[in-house]
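Asker: Mind having a look at this structure? Questions to follow.
Since every read-out is calculated from the coordinates, none of them should be taken as a lab result. Since this is a predicted model, take the numbers as computed values, not measurements. Please note: Cβ atoms are built from the backbone with ideal geometry, for glycine as well, and neighbour counts cover all protein chains shown.
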Amino acid sequence: MLDLFADEAPWSEPLAPGAVVLRRLAREKSAELLAAVEQVAAISPFRQMVTPGGYTMSVAMTNCGPLGWSTDRHGYRYSPIDPLSGKPWPLMPDCFLALAQDAASRAGYPDFQPDACLINRYQPGAKLSLHQDKDEACLNAPIVSVSLGLPATFQFGGLTRSARLQKIFLEHGDVVVWGGESRLFYHAILPLKAGHHPQVGAWRYNLTFRRAAQ
Ligand code: SIN
Ligand code: FE2
């Protein structure tokens, strides 16, 4: 039978070996995801963390799940306790886990068991400089990265800082998955442009799911 909806969301765009953009995959569930972000932030609020070099990050962050990523003057780490609240990070909402596992399996990683979800909140001007995600003990598992709200330009490079960067415009509901050969590829987010998103307002959120422990 002719598939009249073949062009409809979600659709996937190959990015690099082991990496793919799943366009609009999270769009249908975005209201539920955003409500869950608010519930997490009510327990562990967004905060601008300080890097070991003493720089205050422009992106505000919180986490949910068994482990949360944080940085301070002493370094980067994953920890079960939120250093701000002194309590465990909030539970990972079911809708987060379901989306992360669906995205990972669509990208060819069927057994993804994330134990950490970093939630980034970008205000206009906020950016994330070129870096690798390499604080995780498990490098077999992919990274699943969900964009909500205002669009942003994502740069995706290679194994060295100087590798050529692809620019990918990420919009509300887009999901990027990278693992395998590209698990340690450098990436960045360019400064967020001001705007208004009908559901989210003046922000961009990014949910990054990882397997941090072995
Ligand atoms: C990250 O690199 O951890 C986040 C990327 C993004 O905000 O899309
Ligand atoms: Fe990253």
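Asker: Can you tell me the 0 to 90 degree angle between the C-alpha axis of helix 94-106 and the longest principal axis of the chain, rounded to 10?
Answerer: Roughly 50 degrees between the two axes.
Asker: How many angstrom lie between the Cα centre of the stretch 15-35 and the Cα centre of the stretch 65-88?
Answerer: Distance between centres, Cα-based: 26 Å.
Asker: Over the chain, with a Gaussian network built from C-alpha contacts below 10 Å, which listed residue (Asp115, Asp72, Asp82) shows the highest mean-square fluctuation?
Answerer: Asp72
Asker: Could you line up Thr56, Thr71, Thr51 from fewest to most neighbouring Cβ atoms inside 10 Å?
Answerer: Thr56, Thr51, Thr71
Asker: Now a separate question. Suppose only helical runs count, i.e. DSSP H with n ≥ 4. What mean residue ellipticity at 222 nm does that imply for the chain under -39500 (n - 2.57) per run, divided by all residues and rounded to the nearest 500 deg cm²/dmol?
Answerer: Details: 2 runs with 27 residues, N = 214.
That calculation yields -4000 deg cm²/dmol at 222 nm.
Asker: Also: Using only the C-alpha atoms of the chain, find the volume of their convex hull and express it per residue in Å³.
Answerer: Numbers: hull volume 26.9 nm³, N = 214.
Enclosed volume per residue, from the Cα hull, is 126 Å³.
Asker: From the residues Pro93, Pro110, Leu130, which one has its Cα farthest along the dipole of the stretch 66-133 in the positive direction, the dipole being from +1 and -1 charges on Cβ of Lys/Arg and Asp/Glu about the Cα centre?
Answerer: Result: Leu130.
Asker: To the nearest 20 Debye, how big is the dipole of the stretch 10-59 about its Cα centre, given +1 on the beta carbon of each Lys and Arg and -1 on that of each Asp and Glu?
Answerer: Taking the Cα centre of the stretch 10-59 as origin, the dipole is about 60 debye.
Asker: Given the options Cys138, Cys64, Cys117, state which has the largest fluctuation in a GNM of the chain using a 10 Å cut-off (strictly under) for Cα springs.
Answerer: Looking only at Cys138, Cys64, Cys117, the biggest GNM fluctuation is shown by Cys138.
Asker: Which FRET efficiency, nearest 0.05, do Asn140 and Tyr76 yield, Cβ-Cβ r, R0 22 Å?
Answerer: Details: r = 20 Å, r/R0 = 0.91.
After rounding, the FRET efficiency stands at 0.65.
Asker: Please compute one quarter of the surface area of the Cα convex hull for the stretch 89-152 and express it in square nanometres.
Answerer: Projected over every direction and averaged, the Cα hull of the stretch 89-152 covers 5.6 nm².
Asker: On a 0 to 90 degree scale, rounded to 10, what angle separates helix 30-43 from the longest Cα axis of the chain?
Answerer: 10 degrees
Asker: What order do you get for 24-34, 9-19 when each peptide is scored by the mean count of other beta carbon atoms within 10 Å, highest first? Present the calculation step by step, with values, prior to reporting the outcome.
Answerer: On the way: 24-34: 17.5, 9-19: 15.1.
Peptide ranking by packing, descending: 24-34, 9-19.
Asker: While we're looking at this one, here's another question. How would you order 202-212, 94-104, 160-170 from highest to lowest mean count of nearby Cβ atoms within 10 Å?
Answerer: Most protected by this proxy first, the peptides run 202-212, 94-104, 160-170.
Asker: Pulled fully out, how much extra length does the chain show between Gln48 and Leu130, if you take 0.36 nm times their separation in residues and subtract their Cα-Cα distance?
Answerer: So the extension gain works out to 27.7 nm.
Asker: On to the next question. Take the stretch 1-112, compute every pairwise Cα distance, and split them into 5 Å bins from 0; I just need the percent in each bin.
Answerer: Over the stretch 1-112, the share of Cα pairs per 5 Å bin runs 2, 10, 15, 16, 16, 16, 13, 6, 2, 2, 1, 0 percent.
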